[in-house]
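Let me begin by presenting the structure, written as structure tokens, before commenting on it.
Any read-out appearing in this document is the output of simple, stated calculations on the displayed coordinates, not a laboratory observation. Small disclaimer: the values here were computed from a predicted structure and weren't measured. In this analysis, Cβ positions are derived from the backbone assuming ideal geometry, glycine residues included, and neighbour counts consider all displayed protein chains.
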2 protein chains.
Amino acid sequence: MDRMKITIDTLGGDNGSEPMVQGVSEALKLHDDFDIILVGNEQELKPLVKKYECDENRVSIINSTEIITCHDAPVDAIRKKKDSSLVVALNTVKDGSSQCLISAGNSGAILAGGQFIVGRAKGVRRTPLAPLIPTKKTDALLIDCGANVDAKPDVLVQFAKMGSIYMESIVGVKNPRVGIINIGTEDEKGNALVKETIPLLRECKDINFVGSIEARDIPEGKADVLVCEAFTGNCLLKFFEGVGSMFLAEIKGTLMSNFKTKIGALLIKSKLTERFKRFKADDKGGAPLLGLKGLVVKIHGNSKNTEVRTAIEQCRNFIINDVNGKIVAAFEGANDKE
Amino acid sequence: MDRMKITIDTLGGDNGSEPMVQGVSEALKLHDDFDIILVGNEQELKPLVKKYECDENRVSIINSTEIITCHDAPVDAIRKKKDSSLVVALNTVKDGSSQCLISAGNSGAILAGGQFIVGRAKGVRRTPLAPLIPTKKTDALLIDCGANVDAKPDVLVQFAKMGSIYMESIVGVKNPRVGIINIGTEDEKGNALVKETIPLLRECKDINFVGSIEARDIPEGKADVLVCEAFTGNCLLKFFEGVGSMFLAEIKGTLMSNFKTKIGALLIKSKLTERFKRFKADDKGGAPLLGLKGLVVKIHGNSKNTEVRTAIEQCRNFIINDVNGKIVAAFEGANDKE
């Protein structure tokens, strides 16, 4: 295997290049078997590489002059902003000079660019975006939360397989339980898509299908891979964020109510921070866009160094475990034209 | 107008007849312009009516010998258990001896029974189940969370109108903001259903359509009526319950961690209870099944007297405000065959 290379789009995030370089520096110190390509503003990146004492033999910089912002229309931006950090970074994966890309940029542009520039792996019909979401026990992979709305049953079956491979190879869950998100647990429940998909999933010998999971039971951790069509997944993912933020605001509001509750807050603060830590994205890495010829990882727009470092480790595991090879092998013979 | 009558299915809930009768007693004391029909076990109900000092001139009892449990298959149960409290109660609405029914029973059976026994109002194509969900500001109506999966655009338009009438007439929101749940806020975002529905909603002169609402923004209270197809709505509603219960468990766990946090808990407990009260269902009434020839209200299986009382008030408002008349008027000329 060639030496591992991981590309970082340093301009997409809300916090600029600094946390990206800081995360890179931390990751470089943890493992010595990969190199980094930083794409962005060279003038800005050079001093940051020095400041965070990155090993300069392992870091190369590609200058890019444009930025795709969150206001840009995704497909248009990918087509027209040829010298944007995202497009330049995607091209390093396309031309094989890197195997993975991490970006904190415009989600739609990352999804579109992944498909149009990097391209689908052999046999893959759609490329799902699959973040981990916290449950009461461990984390579960919600696949698909991306842009493949109105997917067909055979595509959901591919998501189930990709998700299962990812959870086993990257997250380390043995024989991951695959569930399909549904409005009831009996097989006759569901919309047309889910009802058609369930028997196909039951037939799959290579996954551990555990049936329908009601959304109420997602936080119970009843499955490791949660298969759904992207409209549902995207709604659930964003609702999780919205409801979580509403509850946290209520807790904060409660603690700041009066003198008595402020004293109470001092007594519970450290435990509260500790217990709610796992609801934060930092140590989960990013959401992988699976089924491409390389790996593209979307991290939050406001990512700090920790999330960048974890995402780099996630990419390293992805390459070492040859997840793409496993996905291609799973879809051998599948029709990749559409 | 005939004197208002409201029927209570006293056998469907987890807590038996007692909280139902207690709630009835409380409601009877608040207003003197309606009567109650209790359906259930007569031997059990008679002493309860005495115990809670219900005005016996305003309460009649219909005995029924069967119960539809949560394990019964909905459609089958409605067909076969002719003397179940739910079927007998639905028949009081069908034959006009009552205008509304409240049940804490099997959701599927309530939905099926509403459609098959009570029947759709003129012009209504599908009958949505529409619970209120709490947001940071007020409550929003999530329509549809029922069983109408794979609904078509014109059906979603009807949901928008029914939801708007309900929020204005029953909840008292002037010119309610109607949003459609979507995966982005631009009109070109969404699945085929949402993209086809948006222009139809824009054309409606009788609703205040505010566009797409991302699930992340639901708790921000950006719309009063949240239109969605039932698969999405049902998933979101149940996910809300699941995520809410996970966060509350985390808070409880935090407060019980050690001696220090337990002291903290004592200091914040009353404020915490106060602030989280509005996330409880008690004072919201139940979820109305709209568009029937009468009103059917689904309350939680574990409802206590407060939820029963509030649901009775909700039914009373529904009749007084002639919500069904308004819905029928809104769909004048709509095709009610399908």
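With its label point defined 7 Å out from Cα along the Cα-to-Cβ axis, A:THR138 lies at 4.5 nm from the matching points of the other copies, in increasing order.
Sorted shortest first, the distances from the A:ASP322 label point to those of the same residue in the other copies are 7.5 nm; each point sits 7 Å from Cα along Cα-to-Cβ. Counting only other chain Cβ atoms within 10 Å of each residue's Cβ, the peptide B:245-255 averages 6.
If contacts are Cα pairs under 8 angstrom and at least 6 residues apart, what is the relative contact order of chain A in percent? Dividing the mean separation by the residue count of chain A yields 24 percent.
Among A:PHE159, B:PHE247, the order by Cβ neighbours within 10 angstrom, fewest to most, reads B:PHE247, A:PHE159. Ordering B:PHE276, B:PHE239 from the fewest to the most neighbouring beta carbons within 10 Å gives B:PHE276, B:PHE239.
Counting Cβ atoms of other protein chains within 10 Å of each residue's Cβ and taking the mean over peptide A:131-142 gives 1.
Helices in chain B, meaning DSSP H runs of at least 4 residues, each add -39500 (n - 2.57). Divided by all residues, the mean residue ellipticity at 222 nm is -13000 deg cm²/dmol.
Estimated from the Cβ-Cβ distance and a Förster radius of 25 angstrom, the FRET efficiency linking A:PHE259 and B:ARG275 is about 0.90. Near A:GLU220, once Lys and Arg are set to +1 and Asp and Glu to -1 for all other residues with Cβ below 10 Å from its Cβ, the sum equals +2.
Work out the FRET efficiency for A:LYS82 and B:ASP154 from their Cβ-Cβ distance, taking R0 = 41 Å, and round it to the nearest 0.05. For R0 = 41 Å, the calculated efficiency reads 0.40. Take every pair of alpha-carbon atoms less than 8 Å apart whose residues are at least six positions apart; their mean separation over the length of segment A:219-324 yields a relative contact order of 16 percent. Rg/Rh, computed from the Cα trace of chain A with Rh as the Kirkwood radius, has the value 0.99. For the options B:THR254, B:THR310, B:THR135, a Gaussian network treatment of chain B with springs between C-alpha atoms closer than 10 Å singles out B:THR254 as fluctuating the most. For a straight C-alpha distance cut-off of 20 angstrom, the aspartates and glutamates reachable from B:LYS262 (same-chain residues fewer than eight places away being disregarded) are A:GLU250, A:GLU274, B:GLU250, B:GLU274. Our analysis of the protein assembly as shown gives Rg over Rh at 1.02, with the two radii drawn from alpha carbon positions and Rh computed by the Kirkwood formula. Shown for A:ARG79, A:ARG216: other C-beta atoms within 10 Å of each C-beta, ranked fewest to most, produce the order A:ARG79, A:ARG216. Judged by a Cβ-Cβ distance under 4.7 Å, the unpaired cysteines of chain A are A:CYS54, A:CYS70, A:CYS145, A:CYS204, A:CYS228, A:CYS235.
Plainly put, the tip 7 Å out from Cα toward Cβ on A:ASP283 is 4.0 nm from that tip on each other copy, the closest given first. Taking only the alpha carbons of segment B:27-93, we obtain Rg and Dmax values of 13.8, 38 Å in that order.
With a threshold of 20 Å on the Cα-Cα distance, the over-threshold entries among A:LYS136/A:LYS222; A:LYS152/A:LYS195; B:LYS152/B:LYS189; B:LYS137/B:LYS277; A:LYS51/A:LYS298 are A:LYS51/A:LYS298.
Under the criterion of Cα pairs below 8 Å and six or more residues apart, the relative contact order for segment B:132-278 equals 33 percent.
Apply the Karplus curve 6.51 cos²θ - 1.76 cosθ + 1.60, θ = phi - 60°, to the phi angles in segment A:63-73 and return the couplings in whole Hz, x for Gly and Pro. For segment A:63-73, the Karplus curve yields 6, 9, 9, 10, 10, 8, 8, 6, 8, 6, 6 Hz. Per residue of peptide A:106-119, the mean number of Cβ atoms on other chains within 10 Å of the residue Cβ is 0.
Annotation: Cα Rg of segment B:132-278 relative to the compact-globule expectation 2.2 N^0.38 Å equals 1.25.
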